[in-house]
Amino acid sequence: VGHALGAGDAEHARRSGWLSARIGFLISMALGTLFVALRIPMASAFTTDANVIEALDPFILLLGIGLPFLVMHFTLAGALRGAGDTKWQAIMMFVASYCVFLPLAYSLAGLMNGGAVGAWFGHGVERAGGGEQPSSDRDRVGGEAPVVARSVAAFMGERGDGADAGESWGPGEH
């Protein structure tokens, strides 16, 4: 993204960012599915203690479910950093961490007796809903704020993100 913007090609930068997000989404969906399906064998590869395996089960499950959201977050945040939009990311991370994650994790872990699983679930909710959005640089990266939900909808074949069909990795497109 940064390289394309440096070359003055905002359209290529936008396409590169969205293509990276789609590739990351596909790979993380496959890995997340494996994590969910194989969570007990994965835990068993590291220990034979049944109590530890039982304790790891919900964490690996949450990791598998949350992995696509984490990958989308990191990919789109990297695209924004490449575009030079770091101030907005810092503000959003502060708000997401201190105004969403901490109260949610405290509520789920402590007040609702969810323990560590509740805290990690709060983290997943914060990441799934908190994709960074560009502010003043919005027009440099294609006009639409890259939010996780919008990127997933675009990946699933909904046009409107401006992706070139020749470069899209959506269902049925090559």
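A few remarks follow.
- In sequence order, calculated HN-Hα J values of the range 104-113 (Karplus, 6.51, -1.76, 1.60; Hz; x Gly/Pro): 5, 5, 4, 5, 6, 7, x, 5, 9, 6
- Gyration tensor verdict on the range 69-114 (Cα atoms; rounded if a/c is under 1.5, prolate if a/b is larger than b/c, oblate otherwise): oblate
- Computed in the context of the full set of protein chains, the accessible area of the range 17-59 at 1.4 Å probe radius has 73% of its extent on carbon or sulfur.
- Among the chymotrypsin sites (Phe, Trp or Tyr not before Pro) in the range 28-107, those located in a DSSP loop and surrounded by at most 13 other Cβ atoms within 10 Å of their own Cβ are PHE46.
- The label-point distance for ARG81 and ALA50, in a model that sets each label 7 Å from Cα toward Cβ, rounds to 4.5 nm.
- Using a Förster distance of 41 Å, the FRET efficiency for LEU34-TYR98 (Cβ separation, nearest 0.05): 0.75
The values are calculated or read from the model by the stated rules, or taken from the named source; none is laboratory data. Just so it is clear, the structure is predicted and the values come from calculations on it, not from any experiment. Because the Cβ atoms are built from the backbone with ideal geometry, glycine has one as well, and the counts that use them run over all protein chains shown. Please note that ligands, DNA and RNA were not included when accessible areas were found on the heavy atoms of the full protein model with its side chains. Shrake-Rupley method; radii C 1.70, N 1.55, O 1.52, S 1.80 Å.
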